[in-house]
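Working notes, structure below.
Every number here is computed from the coordinates shown, using simple stated rules; none is lab data. On a predicted model such as this, the values are computed, not experimentally measured, just so you know. A quick note on method: Cβ atoms are made from the backbone with ideal geometry, for glycine too, and the neighbour counts reach across all protein chains shown.
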Amino acid sequence: MSTLVLLTLTGLGLGALYFLIASGLALIFGLMDVLNFAHGAFLTVSAYAAWRTAETVGGTGGLALAALFGTATGALLAIVVELVLIRRLYGRPREQILVTVGLSLAVPALVQAVWGADSRPFPVPDALSGTVGVLGAQVPVSRFVLIAAALAVLAAVNLFLSRTRYGLIVRAGVEDRAMVTALGIDVTRAFTLVFAIGGALAGLAGVLGGLYFGSLSPHQGTSLLVFAFVVVVIGGMGSIPGVALSALAVGLVQQYANYYVDGYGDFAVVVLLAAVVLARPAPRLAGGVA
Amino acid sequence: MSTPAGHESPQPILSVRDLRVRIGQSSILQGVGFDVAPTGTTALLGRNGVGKTTTVRAVLGLLPEEGEVTGGTVRLDGEDVTGHRTHTVVRRGVGYVPEDRGVFGSLTVAENLTLAERAGGPHHYDLVHDLFPELKARRAQRAGTLSGGQQQMVALARALLNDNRLVIVDEPTKGLAPRVVTEVAEVLQRAAERVPVLLVEQNLAVVRRLARDAVVLDAGRTVHTGDAAELLADRERTTSLLGVGRHERSERSGQAEERPEEREQREHATKEST
Ligand SMILES: Nc1ncnc2c1ncn2[C@@H]1O[C@H](COP(=O)(O)OP(=O)(O)OP(=O)(O)O)[C@@H](O)[C@H]1O
Ligand SMILES: [Mg+2]
């Protein structure tokens with residue numbers, strides 16, 4: 001029983017991390033049809049920025065500052081990439097993929113050149129390094145931090161989408177971008193905003209990933225991105241609740257399989273992906289966003 | 001056949017000259033030119049595939065990715081807007097009801113209208129609710145679950161919500177049952193009392209009722225401009241320019257054909273929104 005509880009909460013923590021990355025990916029793809037392979041690079045750079053901050057300041061305050069700084073770094077990076085690179089390439093998916101894949105390779109290499117290839121320990125303040133007893137299991141506090149953060153983000157994103165004018169523009173744009181402009185709305189502003197939100201969430205994921213794994217490395221973002229893409233494919237492009245459920249499922253399946261089927265977690269995720277994709281009715285050729 | 005005296009004296013609200021458009025490798029428009037008078041309804045006519053929708057989309061800067069304007073000018077109230085981005089053209093005061101209605105199926109009726117509210121201007125909800133009382137009752141309903149006729153009402157309401165200098169409506173009666181066609185025509189008639197309308201329409205009964213001026217395209221060119229009633233009275237001309245025989249056939253069998261189409265559109269929209 002206590003093993004199951006620990007596995008479940010660890011899986012939920014991992015799912016929370018996936019959700020933070022995947023929700024940005026899904027919004028960006030849903031609105032702009034951009035597959036942002038650079039998303040992992042946003043995460044990695046933010047994680048290192050947060051790490052430097054946490055090391056310098058120290059303690060719980062240092063971590064809070066690191067979270068803030070990491071999130072801002074992700075947002076800023078995403079805005080620059082959107083304005084400088086992606087903006088010129090709307091409607092040219094091949095070039096977009098080349099550019100974002102290029103970034104996803106170049107940025108980790110750059111990080112590696114500056115801070116080395118080895119993984120670094122992420123300073124976890126004492127307040128968060130302990131465990132909490134839940135039904136007999138000793139669960140690390142950081143798991144709860146991740147779950148709480150993901151829930152808060154889910155609520156905030158939902159509020160943004162359902163209550164704000166930009167949220168309305170994003171939902172409409174996911175359905176029919178051209179028609180949004182035909183109502184007199186400059187949809188490119190929504191593009192930048194959605195990129196910024198996605199980048200901020202990736203940045204937050206970088207910080208929380210450091211907390212979750214207790215370490216960071218130049219390729220952490222890239223490997224997490226793979227699972228985030230799986231989450232998006234399962235959950236549906238452009239659907240935030242779908243992505244949240246899917247992130248939960250992927251995190252749990254991965255943890256359970258890792259333990260009960262002896263290290264087959266990643267394999268189980270692939271099986272889950274295949275099962276979902278095969279069970280889904282073939283998409284209409286007409287296109288449109290689900 | 002020139003425009004009758006009195007219609008041409010004030011400056012046209014929209015003036016298109018020698019418009020040329022290419023989409024991919026094919027040249028779709030090869031010289032479209034016409035004026036839209038600052039009052040009343042101007043009908044843009046022509047057989048299927050002659051370039052009516054392309055003309056309207058080129059005016060609004062809404063051509064598909066691989067399309068481009070290769071020549072000509074578009075002036076809105078005297079100002080050159082050729083090749084301007086869509087939202088800047090629209091903000092100058094253009095309402096647009098596209099051929100496929102362009103209603104956001106996953107949004108509610110109220111959200112569709114809110115989205116259409118343009119900054120800085122009054123929003124005529126009183127007018128919209130007066131013209132479409134049904135939309136007020138259905139404001140919380142997802143637009144994708146509305147019937148085809150109701151969706152057309154949403155699309156028209158969005159275009160009439162703002163103070164516009166011109167409203168462009170592309171085939172608003174396509175695929176609608178005769179009773180709904182009449183409703184749409186009534187709405188357009190009332191709209192045209194407030195704002196000039198450029199109307200793409202294949203239903204000649206509707207054109208006869210609404211339009212004062214007519215522009216006819218054929219194979220990407222303007223082949224006729226003039227008084228609408230005069231054109232429609234000229235049997236030979238309407239047959240050669242508009243292929244009227246074909247049209248009347250589809251009008252007669254209208255109701256039986258169109259019901260399944262409406263249902264399919266509704267299903268399609270519902271699927272998209274899930
Ligand atoms: N995206 C596109 N790619 C290639 N050809 C196109 C595209 N859009 C339109 N065309 C072609 O341009 C021509 C004009 O099309 P358009 O839709 O403007 O005609 P229309 O007069 O509005 O016809 P309808 O009465 O059927 O709506 C057609 O031959 C059509 O096949
Ligand atoms: Mg058309």
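Contact order, relative form, for chain B: 27 percent (alpha carbon pairs under 8 Å, 6 or more residues apart, mean separation divided by residue count). Over chain A, Cα pairs under 8 Å with separation of 6+ residues give a relative contact order of 38 percent.
Computed from label points 7 Å out along Cα-Cβ, the spacing between B:ARG139 and B:GLU230 is 4.7 nm.
Here the residues B:THR41, A:THR60, ranked from fewest to most Cβ neighbours within 10 Å of their Cβ, fall in the order A:THR60, B:THR41.
This ranking places A:TRP51, A:TRP115 by how few other beta-carbon atoms lie within 10 Å of each, fewest first, which gives A:TRP115, A:TRP51. Answer rounded, prolate or oblate for the range A:87-202, using the Cα gyration tensor with square roots of eigenvalues a ≥ b ≥ c: rounded when a/c is under 1.5, else prolate when a/b is larger than b/c, else oblate. Note, shape of the range A:87-202 comes out oblate. When B:ARG142, B:ARG158, B:ARG209 are sorted by how many other C-beta atoms sit within 10 angstrom of their C-beta, beginning with the fewest, the order is B:ARG209, B:ARG142, B:ARG158. Between A:ALA156 and A:LEU68, take the C-beta separation as r, use R0 = 22 Å, and let me know the FRET efficiency to the nearest 0.05. About 0.90, to the nearest 0.05. Near A:TYR166: Cβ cut-off under 12 Å, other residues only, Lys/Arg at +1 and Asp/Glu at -1. The net charge is +3. Can you compute the FRET efficiency between B:THR70 and A:ARG165 using 1/(1 + (r/R0)^6), with r the Cβ-Cβ distance and R0 = 51 Å? Round to the nearest 0.05. The value I calculate is 0.90.
Simple point charges give the picture: +1 on the Cβ of Lys and Arg, -1 on the Cβ of Asp and Glu, and for chain B a dipole about the Cα centre of about 260 debye.
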